[in-house]
Structures are given as structure tokens and as C-alpha cells.
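Reviewing the structure listed below.
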Protein chains: 4
Amino acid sequence: MTDISIAFIGLGNMGGPMAINLAKAGFRVQAFDLDATACALVAEHGAHIADSARAAVEGAEIVISMLPASHHVEALYLGSDTAPGLFDGLPAGTLVIDCSTIAPTSAQKLAAAGESRSLAVLDAPVSGGTAGATAATLTFMVGGESSALKRAHLVLERMGKNIFHAGDAGAGQAAKLCNNMLLGILMIGTSEALNLGQSLGLDASVLANIMTKSSGANWVLEKYNPVPGVMEGVPAARGYSGGFGTDLMLKDLGLALEAAITQRAPVPLGGLAESLYAAHSASGNGLLDFSSVLRMLQPRGA
Amino acid sequence: MTDISIAFIGLGNMGGPMAINLAKAGFRVQAFDLDATACALVAEHGAHIADSARAAVEGAEIVISMLPASHHVEALYLGSDTAPGLFDGLPAGTLVIDCSTIAPTSAQKLAAAGESRSLAVLDAPVSGGTAGATAATLTFMVGGESSALKRAHLVLERMGKNIFHAGDAGAGQAAKLCNNMLLGILMIGTSEALNLGQSLGLDASVLANIMTKSSGANWVLEKYNPVPGVMEGVPAARGYSGGFGTDLMLKDLGLALEAAITQRAPVPLGGLAESLYAAHSASGNGLLDFSSVLRMLQPRGA
Amino acid sequence: MTDISIAFIGLGNMGGPMAINLAKAGFRVQAFDLDATACALVAEHGAHIADSARAAVEGAEIVISMLPASHHVEALYLGSDTAPGLFDGLPAGTLVIDCSTIAPTSAQKLAAAGESRSLAVLDAPVSGGTAGATAATLTFMVGGESSALKRAHLVLERMGKNIFHAGDAGAGQAAKLCNNMLLGILMIGTSEALNLGQSLGLDASVLANIMTKSSGANWVLEKYNPVPGVMEGVPAARGYSGGFGTDLMLKDLGLALEAAITQRAPVPLGGLAESLYAAHSASGNGLLDFSSVLRMLQPRGA
Amino acid sequence: MTDISIAFIGLGNMGGPMAINLAKAGFRVQAFDLDATACALVAEHGAHIADSARAAVEGAEIVISMLPASHHVEALYLGSDTAPGLFDGLPAGTLVIDCSTIAPTSAQKLAAAGESRSLAVLDAPVSGGTAGATAATLTFMVGGESSALKRAHLVLERMGKNIFHAGDAGAGQAAKLCNNMLLGILMIGTSEALNLGQSLGLDASVLANIMTKSSGANWVLEKYNPVPGVMEGVPAARGYSGGFGTDLMLKDLGLALEAAITQRAPVPLGGLAESLYAAHSASGNGLLDFSSVLRMLQPRGA
């Protein structure tokens, strides 16, 4: 048991196991979520459950949040019509680590608001999914001051195994959305290649093996093959359940396109990928793993 | 010096060094190309230069070809308005290895014509570029009978280091076009992600490093970064000269789309990639390395 | 009854009513199709049915063909492995009008072959669908010599109401594929706008009416609205039956993309449209009217 | 001179001539813009120039605004960090007509805020460009209550000739963004078809004429041909100057995509169009008319 007190706000599929890993590592964790079941799960592993977000941060040196979207995070820290924000009550020097995936501009807004109150704020979105959250093998992409990141290392390394300093405030979010836009493209591009190969009579496993050792090599081919029967333990092996939902990929592509439109940075493949996942979601596949997008390309009945 | 006689037709940027590697390995190589300079280079390394393709195959157990496109290969082996094809004169049992990148249907046509004359025909397109051809580190993707491939191993392993059996006749070409379509997508998708990241203030090297260790990882990020200054020894480091020309990528994408249209296999990202390289080529960049497509995305003057 | 003899080869959904219109107009029509039922329908309206294509052209001043694809047309006129072509038996001066939709290069090949035999050859693909074929309101896009087109007018005007001279041999086909590629884009683009509008709470009829009078105006909005309930008499009003099948649109887009790839003319929206219709066809909608592509964009159950 | 008092806020390229038309029609116009030159032009035609937006609305029955983007409009009416909004000072019953092109959600927010203060608020974006603004031939797409639109008719008909009631609050903006997204697609699609036709040897005027009378017909072909030399009086006839700038089209496509992403309405062609205009703008063409996007498709030097 260390004597560092951590507040953890947001105990969903990702936040829950992350908070548990901190509790297991001996930190004093004061956790909060609106959902009582989520709280109960975390409590079983030694975290203390607070009655509110404001109660959770009481006495905490470090505040960590893992929430669905920009507006939740802004409401939590900066306040909303119905409640004041946490930033107003935090003592100077508190380290705030937001692990949610939100817009870079939103992260920058938080950092600026934090700075004016002498808080140290980091954006630290993750990749690695619920499996990575549980196994404490997440990748953190961090934006903010080096000094703040140095303080954060102690806790981040209990939840993940790769910690990257992407740059200043918002840079963690920027890196995350670039990476996930690219992932969204890799999945559809790889699906197109595998499906075209199959239509030409190739065996999907043989083709995947060849491309993995050629210039088509990529993470999807190596770790997340979308064709059922090629790889074990991936969503394609279990009817595309679990994994990273199509609607979550759509959320991340939405953030990427919003940034791209604002910056006038052309993303033709990224934009098309977004449209294709949207059509796939509109057909009722929003909760299936995003690798199910392969089905859009397949002849009916395949 | 082995006592195996090999005919080698087509001594261009790829075929030249491949023939030289065979000559160096001690095979008796009878080579032919319409271009005298190309012939002279190969002759320096011990190959015998024949006066014609027909003369080159005289007495050869194995015939290898490396030509620009389907119609050249069909004209060589099956004949044209002006000349009969080589297949008509070859003794039964001759092994024919076509290393050109051509349409799978064209390769199947050759294989069928060969079979009816008791020839063993393989399609064996390569990846690895001129560097791989020179260093004998090419990847061969082979379509045809296993028995023929067994015979071919002896010579293929002197020109490359990976030899994949993709399937029946035409399967080598099918695998090649799937891989190269995917490569064409990876290059643009990676360029979009890196350019978007830069527009958001990220350092391209830092972002490339993060994505290489995340779910955006792919061959382009690891081996062929398109942003000048990030990686040494790649075309981006020398003004996009050398490498794999935009027009060559366009040719391969054209083959992939032709196959996709025929098979009714949707390739939305592949089709868009083809259009983007076409626009890039139309702007005068056809001879630059295909990684120069990044420039299409960049603000003017970048 | 005029004393002009016309051979008509190909009596399908388009060719049948076209041949009937010529027979009704008093021309001596000698018709042929491999399908006996198709022949019988045409015979009812006064055409003479021949036993073969070769018998049909016996004594004809004008030969008209309406066949599915390039290879059928080339086989008919230039011959195949199993039969010699009609061109070899036609008397000099015969006017040949091919109304099929085929590749411009194929039309040019026919024209050149015809010229060397002193035949007058026109490519004259149509638009207007089966309704236009029946009502004799087709549009003809004609490629070839002006003098030949002058001779053709007499018969074309009995089958259609707009006759355009697009240019030299192949130009009719070129114009047709440009138009149909654009039509394929208009249909998807209009569907996207209408569907987006509906998702934002607009009434599809109101929005269609506004856009028809604004800069979004186009043929699809005015004549072929894809939203059920907005317009009467269109395929959308009858479950997308009848009309112009998705697979026929795919065939035309395939010709356009083939030409675009050969010419290095970028067609990013055309290429994407092709991919989307291919995905729609792969989902089992190949025989539905192409306006059913709207369904790809709609939320499930809509 | 009527005795109706109108406040007009925003006197740019569009707002200026609109305000002038109202002044010429005899309304008492109290105008305001931050730019003194813009104000002076309007003053010449009889409008009274106010010192501030707040001064302009003093005594006005009707308030009209024409501003660049959502945040300007929201700041004007709802207030910002530096100034309270106009809504707080307006007497109940005032009619507010916002002609800016903004997000539908932003228009709905204004309408709701207005309703709570008993103001009648309409969103009434326009199409027709500066030429239409000057000639009083604009098209208005109006969202809001019918009763409010009835009151607005009197002034709208002095500025435009088509007035459409699109639906409830925000519906005018929704219709506008659907129409302009479709226009953005029509321009690129038509450019692809014309450029492909030219590459196949067709004359652009001949092809445009054929398609205008066929199923490819659309507003761009009829009113705004992008190929220089085909049509007089369009931007293509004067080096793509004037007209509707690429960056303005990009702004409208940005609004459309934002709405599409939020609604999960797939817009694959719209998204690709956005990317292509962004690339065109990134190449330094943001201020050229949007029909200059044709150049992206043309071979260099064309």
C-alpha cells in the first residue's frame, strides 16, 4: 500500500479494470461512477466508492477520468448548467489525468483552464481495448508538460506497458485520433484485399500469410484478421462479438474528420472509411466488432 | 557451374539483375532483350546473349521471362500477328517461369496453353523492387503445380529469399495484385494520418514511432516513411527519386481493379487509391516514387 | 411499306421493341435471336424471323445489332473460334449500326475492320431504357462518319427522338459511358442528400422540390426520385422492380473505369460509385433497379 | 417608403446588396457592420448606418442577419464573453431572420432561445450567390413557424424570387446543406465525366450538350460548366475568378459532414468530395471558384 491517494471517475468497460489495477497495486483509490453495479465490481478489489465525483477527489493527489466523450469530460471538470466543475475545488498542484478519447481542442481547453488554477493536466488516451485494460498492457499517448508526465509515470505504468509522450497539451488526443483513423483504414483495406483474393480463388490464410511477409504487412493482418477461421481469439472467430465496436470506431473517425476539416488536412481514405462504417452501422451492425465491416464486401450468404 | 541451361527473356531494371544473379550462381544463362545496352550489362556477368528469344530458349531446360505487361507475355509465348509463340517450339517438360506482373486471367491462359503442350508453367511475380532484385532478396508469389514449383526452387532461391506457393495457376498473380492494392492503400492512409498529425502540431517522427507500436502499425510506417526527414535511405529522403514509381503502382492498381470489377468484389478504398494516384500522375508525378503521393495532401509550399 | 431491308440481330428487352418499331414503320425487317420466345414476339408485329444471323443479313442494306457486351459484338461481326464473322459476307456499302453498349476501343476496332471492307459502320448506343425503346423515344449517341449517320437517320428516327453525333468511330460509346458514369454518381449523390435531409427531419418531397429549383437540380431528382412515395411511376414506387438494374449500371461503370484507367483520367467519384454499386449487388440487389442503392444508406428497417 | 423598420446586421458580399435592395424597396433600414467601407456602400443607397448592432435594432420590427458562421450568429444574438446578446433587449414579437449559413443545431438553439423570449425566429439561408443577391433573385430556404414566414414574405420577396418553407426551426439550414453537398458532388462528377470524355477524344461542348439532354443532366452542366471555352459568363470563362470559392464550398461541406456524422447518415460521395476540395484548397486554390476543381483531374499543362 502506497500512501498516494487517487480519485478515479468513470468505471466503465475500460475505467473499471484500470481502477482495479491501481487498487491491486496498493494505491488508495476513491472511485465514482453513476452506475452502482460498476462501482460494486471495483469495490470488490479494494477501491473505496465515493458518493459523488466531488467526494471522490477529496484528498486525492491524482485525479484520473475515463469518460465517453468531450462533453462529459468538460462538464466534469469545468462544470455545466446543473453543477460546478471539479477544477474549482481542487488544490493547486493536483495532477489530473484524463484518459478519455476526446477532441484535441477539448483537451487543450481543459489544460488551459487547469493551468490558470495551477493544476497539472495531462491528456492520456489509451489503446489496447478492454483486454489491455484488464491485463495492464495499455498504450498511453500523453499530451502535456514533461514534468507532469514524470509524476504520472508511477500510476500509468500500473495500467499499461507503453507510455508515449506525444507533445504538448492535446497531443495525446491528436496521436490517438491519427492512429485510430489509420486503423480504420487498415481494417477496410485489408478486408478488401482478402475478399478480392478469395473471389479470385485464393485461400484467405495463405494470402494473409504471404501479405504479412510482404509490403502489405500491417497490424490487422498480424493481430486481428477479419476473416472467420483464419485466426483464433479474435472477434471474427466468435461472430464479431466483443472487441472494438463499429460505433466506437465511428466515434473516433468522427473526431478525426472534425479535426481534419478544421485543419484543412485532406483525408480522402479516412473520410471514405467513415462513410463505410456509417453505412455498416446503419445496417444494424453498430455493436458488432469493427472487423465485421468485411461483411459489407462479401457476396450475400458468405 | 551447374549444367542446367536457363533462358532469360527481358533484361530491364528487374530482369537484368535477376539474370546476373543466376549467371553468378553458375547457371548457364542464355539471355535476350530488344535493348542492346541491357544485354551488354548482363553479358559482363557471364551470361550468353542470344540473337532472339527463340535462340535463347534453344536447349534450355528452364525459361524465365520478366516483361512489362500481359500482352508482351502473351505475344512471347502464344504468338502475335507478326511472329509465332515460343510455346510451339519448346520440348515437352520444359519449365516456364513467368516473373512478370500480369492479369491472373492472362496467367491462367498461359498455363492452360502450356499444359496442352506438356510444358510446366508457373506464374511467379515478385516483390522487393530493384534493390531486392540486385541483392537476390526478392519475394516470389507462385501459382501453379507443386511439382513444377519444386523444380523451380533451385533457381528461385538464387534470386530471392521468400518463395510462397499461393495456389493454382494464376494464384501468384492474384496474390501479388491483392498485396500491391493493399500497399497502395497503406501508403495513402499512412500519409493521411501523418499529415493530419502534423497539421495538429505533432512531430512526424514522434507520431510515426507511436503508431508503429500501436494498432496503426504497417509496412509503410516501418520501412518506407513518406515524410522527408523521418527515415534514411527511402525515396522521401532523396526527393522521391528511385523506388517504385507512381505509374507502376497505377499499373498494379489497374490490374487489381480490373479483377475486382470482373469478380464483383467491392474495393472502395482500392478504387479511391487508384483515382488519387491517377490524379497525382496527371499532375506530372508519374515517375516519382509512389510515396510522393503525400504531397497531394500537404498545404502548398510544404 | 418502304423497300428498305433491315437485318436486326439481338431481340432482348431493348432490341425487341426497337425491331418492332421498325417493322411497324414499314421497313422489311429480318430479325434473329438465339431465343425463340423473343423471336416470336417480334414476328407478331410483322418482322420476318431468320434462321441465323447470317441468314438475317441476306439482302439487307442496313444491319442493326443490339447485344449484351463487347465480346458478343466482336464475335458476331469479326468471327470467333467457332464461326466466321458477318463482315466477311457483307456487300460493300452495307450500313452497320451497332446499338449495343460496348467499349469505345471495341467500337473502333469494328469500324476499322469495316472500313477495310468498304462497309459503313456506326456505333450508336442508346439511353432511355425499355420504356424509351417501346415508345420510340430513345436517345442515340452516334460515333462514325457524318455520311453514314445521314443514311442512318431514316431508321434511327423511327426508334428514338434524339440523335446526337458525338464524333468519330467510338465517340458514341465514349459519350454513353461518360453519361452513364455521371448518372451513377447523380443517383448516389442525390440519395445521400435526400437521406441526410430525412435524418435531419426534412420531408423528402419538400426537400426534393427545393433542390430541383436550386443548384442541386439534376435528372434523378426530376425524373427518377429514389425515395418511395415521392414520385409515381418510378421504380421506387414499385419496390425497385423494372427500370435499370444495378448490375447493368455496374457493367456501364466497369466500361467507364476501364477507359479511365487506360487514359489515366482520374474518376474518384465514379470509382467510388462503382464500388458502392458492387457492394449493393453483392448484397443480393443486382437485379433491383439501381435507385435501390438508397437502401444502403438508410438505417435498418427503413 | 413603407413605415416598417428593419435592422440589417452583416453587410459583406451577400448582406450588402441584400440590404441595398431593401432600402431601394422603401424600407427604413438601419444597418451595421464592423467594416466601415461596407457600411459606406450601403449608406449610398439610403440605409441608415448604426454605431453598433444594438443601436441598429433600436425600434426595428424585423432584424435580419447575414454573418460568416455559427459562432458569429450565436455571439450576436445570445451573447459572448465580451458582450450580451441582442435577444435580451428585443421587444416581444420582434421577427428575427437569420440568413447566414450555419449548423442546423445552431439555428435550433437560436429558435428555442427566441421562443422563450416571445421572439419569432426564422433560419433563412440563401442560394444564388452575389449575383442573385444584387439582382434580388435569391432562393430562400426557410425553417420556422408558418406564421413567422408569412410576416417575413414582405421583405424576403424584395431580396429573392424563390421562397421555400423547408419545415420547422433549423429546416432551412438542413435543406441548404443537403443542396450544397449535392452541388459539390455534381461539380466533381460532371468534371470527371467531361474530362474522361475529352481524354477519349470527345469535344467538351458536344459531350456537355449530349449529357444535358440525357440522364446525366444537372445544374452544373446547364448553368456552370467547369471547362473553359464551353460557356460564357461562368467562372471557367475568366480563370475561375469570382463565383463561389472553393473554401466556401468546403465550409458548407464541413457543415454537411458534421450533420451526417452526428446523424449516422452515410455520405460516401459527399465525404470524398469534401476531401477532394480540401486537397484542391491545400494546393493553393481556396479562393478560386469551386469549378476549378476540374484542374485536379486534368493532365498537367492542360
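The values are calculated or read from the model by the stated rules, or taken from the named source; none is laboratory data. Computed from a predicted model, the values in this text were never measured in an experiment. Reconstructed Cβ throughout: ideal geometry from the backbone, glycine too, with neighbour counts over all protein chains shown.
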Residues in the stretch D:287-302: is at least one surrounded by fewer than 19 Cβ atoms within 10 Å (Cβ to Cβ), of a type in the set (A, V, I, L, M) and more than 7 Å from every other protein chain (Cβ to nearest Cβ)? yes
For C:E192, indicate whether it is of a type in the set (D, E, K, R) and within 7 Å of chain D (Cβ to nearest Cβ). yes
Counting just the residues of the stretch B:233-242 that are farther than 22 Å from C:R264 by Cα and part of a loop (DSSP other than H, G, I, E, B), which one comes out nearest to the other protein chains (Cβ to nearest Cβ)? B:V234
A:A53 vs. criteria out of contact with any Cys (no Cβ under 9 Å at 6 or more places or on another chain), more than 18 Å from A:T130 (Cβ to Cβ) and touching a residue at least 60 places away in the same chain (Cβ under 8 Å): no
Name the pairs: first residue in the stretch D:197-221 and at the interface with chain C (Cβ under 7 Å from one of its Cβ atoms), second residue in a strand (DSSP E or B) and among the aromatic types (F, W, Y), Cβ to Cβ under 9 Å, at least 6 apart or on different chains? D:V206/C:F164; D:I210/C:F164; D:K213/C:F164; D:S214/C:F164
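Considering D:S80, D:S118, D:S100, which residue is modelled with pLDDT of 95 or more and either surrounded by fewer than 16 Cβ atoms within 10 Å (Cβ to Cβ) or assigned by TED's automatic domain parsing to the domain that holds D:L183 (or both)?
Details: D:S80 fails: modelled with pLDDT of 95 or more; D:S100 fails: either surrounded by fewer than 16 Cβ atoms within 10 Å (Cβ to Cβ) or assigned by TED's automatic domain parsing to the domain that holds D:L183 (or both).
Going through D:S80, D:S118, D:S100 in turn, the sole match is D:S118.
Being among the polar types (S, T, N, Q), surrounded by fewer than 19 Cβ atoms within 10 Å (Cβ to Cβ) and touching a Lys or Arg at 6+ places or on another chain (Cβ under 7 Å): is that true of A:T105 here? Working first, answer last.
Details: among the polar types (S, T, N, Q): yes; surrounded by fewer than 19 Cβ atoms within 10 Å (Cβ to Cβ): yes; touching a Lys or Arg at 6+ places or on another chain (Cβ under 7 Å): no.
No: the conditions fail for A:T105.
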Filter pass, B:I185 being in contact (Cβ under 8 Å) with a residue 40 or more places away in the chain and touching a helix residue (DSSP H, G or I) at 6+ places or on another chain (Cβ under 9 Å): yes
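Kindly state which helices (runs of 4 or more DSSP H) lie completely within the stretch B:54-141 and contain at least 3 residues that are small (G, A, S).
Working: elements: B:70-78, B:104-115, B:129-135.
In the stretch B:54-141, B:104-115, B:129-135 are the helices (runs of 4 or more DSSP H) which contain 3 or more residues that are small (G, A, S).
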Restricting attention to the stretch B:132-141, and to residues there that are free of Cβ contacts under 8 Å to residues at least 40 places away in the same chain and under 12 Å from the mean Cα position of the chain (by Cα), which single residue is surrounded by the most Cβ atoms within 10 Å (Cβ to Cβ)? B:M141
Among the numbered criteria (1) crowded, with 24+ Cβ neighbours inside 10 Å; (2) closer than 25 Å to B:H165 by Cα, which one does B:P68 miss? (1)
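Any idea which residue in the stretch D:243-256 is surrounded by the most Cβ atoms within 10 Å (Cβ to Cβ), counting only those that are assigned to a helix (DSSP H, G or I) and in contact (Cβ under 8 Å) with a residue 60 or more places away in the chain?
Of all residues in the stretch D:243-256, those assigned to a helix (DSSP H, G or I) come to D:246-256.
From what is left, the residues that are in contact (Cβ under 8 Å) with a residue 60 or more places away in the chain are D:249, D:251-253, D:255-256.
Working: D:M249: 25, D:K251: 16, D:D252: 22, D:L253: 28, D:L255: 25, D:A256: 30.
The residue in question is D:A256.
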Cβ-Cβ below 8 Å, separation at least six or inter-chain, first residue in the stretch C:97-121 and in contact (Cβ under 8 Å) with a residue 60 or more places away in the chain, second of a type in the set (K, R) and part of a helix (DSSP H, G or I): which pairs? C:T101/C:K176; C:T101/C:K251
Hey, could you check the stretch C:247-279 for residues that are touching a helix residue (DSSP H, G or I) at 6+ places or on another chain (Cβ under 6 Å) and more than 9 Å from every other protein chain (Cβ to nearest Cβ) and say which is nearest to C:V234 (Cα to Cα)? C:M249
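Do we find that D:L186 is within 11 Å of chain C (Cβ to nearest Cβ), buried (at least 24 other Cβ atoms within 10 Å of the Cβ) and more than 19 Å from C:A193 (Cα to Cα) in this structure?
Numbers: within 11 Å of chain C (Cβ to nearest Cβ): yes; buried (at least 24 other Cβ atoms within 10 Å of the Cβ): yes; more than 19 Å from C:A193 (Cα to Cα): no.
Answer is no for this residue.
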Just checking, does the stretch A:94-101 include any residue being at negative phi and within 14 Å of another protein chain (Cβ to nearest Cβ)? yes
Let me spell it out: the conditions are (1) assigned to a helix (DSSP H, G or I); (2) more than 7 Å from every other protein chain (Cβ to nearest Cβ); (3) among the aliphatic types (A, V, I, L, M), and D:V230 meets all of them except one. Which number is the exception? (1)
Identify the residue in the stretch D:147-181 that is free of Cβ contacts under 8 Å to residues at least 60 places away in the same chain, within 13 Å of chain C (Cβ to nearest Cβ) and not in a strand (DSSP E or B) and, among all such residues, is nearest to D:W219 (Cα to Cα). D:N179
Identify, by number, the condition in (1) buried (at least 23 other Cβ atoms within 10 Å of the Cβ); (2) outside the structural domain of A:G216 (by TED's automatic domain parsing) that A:S147 doesn't meet. (1)
